[in-house]
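Student: Please read through the structure below; I'll follow up with questions.
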2 protein chains.
Amino acid sequence: MVALQELCVSGGTNDSSESTHKVEQTTPPPSLDEVEAIIGYEFKSKRLLEEAFTHASLGESFSNERLEYVGDSVLNLLFTKQQYFEYPDLSPGVLTRLRAANVDSDKLARVAVKHDLHRFLRHKKPLLEEQIRQFSEEIRRYPLHSNGLVEVPKALADLVESIIGAVFIDCNSSIEIVWKVFKDLLEPVIRLETLKIHPVTQLYEMCQKRNLKVQFVDLWKENTTFDVLVDDQFVGRGSCRDKKEIAINRAARNALDNFFKLSHEKDV
Amino acid sequence: MVALQELCVSGGTNDSSESTHKVEQTTPPPSLDEVEAIIGYEFKSKRLLEEAFTHASLGESFSNERLEYVGDSVLNLLFTKQQYFEYPDLSPGVLTRLRAANVDSDKLARVAVKHDLHRFLRHKKPLLEEQIRQFSEEIRRYPLHSNGLVEVPKALADLVESIIGAVFIDCNSSIEIVWKVFKDLLEPVIRLETLKIHPVTQLYEMCQKRNLKVQFVDLWKENTTFDVLVDDQFVGRGSCRDKKEIAINRAARNALDNFFKLSHEKDV
């Protein structure tokens, strides 16, 4: 096992480059015992708990990737079951959207941050800490879900799935126990009345209804930036450093905010 | 509830067009009691059993779509769990491929046919019977999985997922009971040593290794047909009436079969 002093944990250094070299750990990472207190579950196999908090970037012989794979499946079934009973008349199409919103990376990364679970992740991703800080700040504007407007540190969502996978394996595959452990931790759950669509879908739907042409124009800037044209008229702009998809969503959000104002002015 | 005499079941009529009008049933459809004998499970709620065998084409107030949605999730978790323990060293990437092969429509539709479950499906899809007949014939050439070479009647795969969903709901969400009921019915399961990739992927991988250019050329025939060119030389052809994807896979299969022969002749 790797000595804890060699590991980088979120809350550790401020390195500005992604690298695989050893990162000095100034303070020892918190004990995983605390995790058991946070989630209210005591592991029979501490090895599973350790595995769940070991990121692949460490280069260990084990990592949380397999548990994440298991947890993803468990989580899917838990929401499937929950929503099947909660919405006896809902079509599979809407159920799929409802489940997707609750198991996607935006939603799960919030769970990690809300319950401070990210502090225990052992990794060698020096950029992660800053990404988590930005994410924690940005989600304040979108308390439930950003619908594609913020960059999500994938490692956080993966971590939550890994913990779910670890509990599932540890408790002899009882989905009842897993639900009991995670039900409250996963709140606030997105329900039918709080389910929203991504701005880009919303914009397309709105324009289709009005028979308007939508165009996204890449401005080819270093900080990826898109303009939105509706019937050849500029209505919005959005940027994102790394993710094209988020830049487009932000552009659509801005366009939606501006659209009614602009069309009103045109009518006057 | 719809009177059984009004329903079309596979094994019923020979209508050549897809329609929603009532189809005359010459023989009464077999009783769903037989299904319980086939799968070795007695439903507490016969309504769930009935729902699982009611296709949306009937236009009833209920259909098997929601149970199919549930069954899909259950099946995913069952294979996830099974393979997690069976292959303790396998990466999530390979586990994903292994699971996908066992839960895809080609594999599940075989389960329906093998255990005669399709005979009990209540539907109004006059083409389905002929599609099932063709499918049953074609899979003889590919005993385990066709890897994208045959057209699969989706309603059959959906039916198997619905039955799994129905048992899951009926037995108070016990994945242990569901696995006990379906473990043998799902055999032959695809294992690591019998896992194959689709011909089109295989062809691309092979040509990439040899630094050869692959092209698929649509011949724009009524019966969708593709030619495969490797380094601008014709090496294979494939057709499929309805599905472009299958035509391309068949073309790739044919190309793979011909490739070594052709390259040998060129070398001589």
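The values are calculated or read from the model by the stated rules, or taken from the named source; none is laboratory data. All figures in this text were calculated on a predicted structure; none of them were measured in a lab. Using ideal geometry, Cβ is built from the backbone for each residue, glycine included, and neighbour counts are taken over all protein chains shown. In case anyone asks, the SASA skips ligands and DNA or RNA and just uses the protein heavy atoms, side chains included. Shrake-Rupley method; radii C 1.70, N 1.55, O 1.52, S 1.80 Å.
Student: Could you tell me whether the range B:56-75 includes any residue that is outside any helix (DSSP H, G or I), open to solvent by less than 20 Å² (accessible area, probe 1.4 Å), over 21 Å from residue B:167 (Cα atoms) and away from chain A (no Cβ under 14 Å)?
Tutor: no
Student: Yes or no: residue A:226 over 14 Å from residue A:147 (Cα atoms), open to solvent by less than 40 Å² (accessible area, probe 1.4 Å) and at pLDDT 95 or above?
Tutor: Criteria met by residue A:226.
Student: Listed residues A:111, A:94; which is farther than 24 Å from residue B:174 by Cβ and within 12 Å of another protein chain (Cβ to nearest Cβ)?
Tutor: Sole residue among the options that is farther than 24 Å from residue B:174 by Cβ and within 12 Å of another protein chain (Cβ to nearest Cβ): A:94.
Student: Kindly check whether there is at least one residue in the range A:43-50 that is out of contact with any strand residue (DSSP E or B) (no Cβ under 9 Å at 6 or more places or on another chain), without any contact (Cβ under 8 Å) to a residue 24 or more places away in the chain and more than 10 Å from every other protein chain (Cβ to nearest Cβ).
Tutor: Yes - at least one qualifying residue is present in the range A:43-50.
Student: Restricting attention to the range A:79-88, which residues are more than 9 Å from every other protein chain (Cβ to nearest Cβ) and either of a type in the set (Asp, Glu) or open to solvent by less than 50 Å² (accessible area, probe 1.4 Å) (or both)?
Tutor: Correct list: A:83, A:86, A:87.
Student: Could you please find all residues in the range B:97-108 being more than 9 Å from chain A (Cβ to nearest Cβ) and in a helix (DSSP H, G or I)?
Tutor: Of all residues in the range B:97-108, those more than 9 Å from chain A (Cβ to nearest Cβ) come to B:97-98, B:100-108.
Passing the criteria: B:97, B:98, B:100, B:101, B:102, B:103, B:105, B:106, B:107, B:108.
Student: Now, a different point. Taking the range A:178-215 only, how many residues are without any contact (Cβ under 8 Å) to a residue 12 or more places away in the chain and either closer than 15 Å to residue A:82 by Cα or within 14 Å of chain B (Cβ to nearest Cβ) (or both)?
Tutor: 4
Student: Mind checking which residues of the range B:116-125 are closer than 22 Å to residue B:183 by Cα and open to solvent by less than 40 Å² (accessible area, probe 1.4 Å)?
Tutor: Correct list: B:117, B:118, B:120, B:121.
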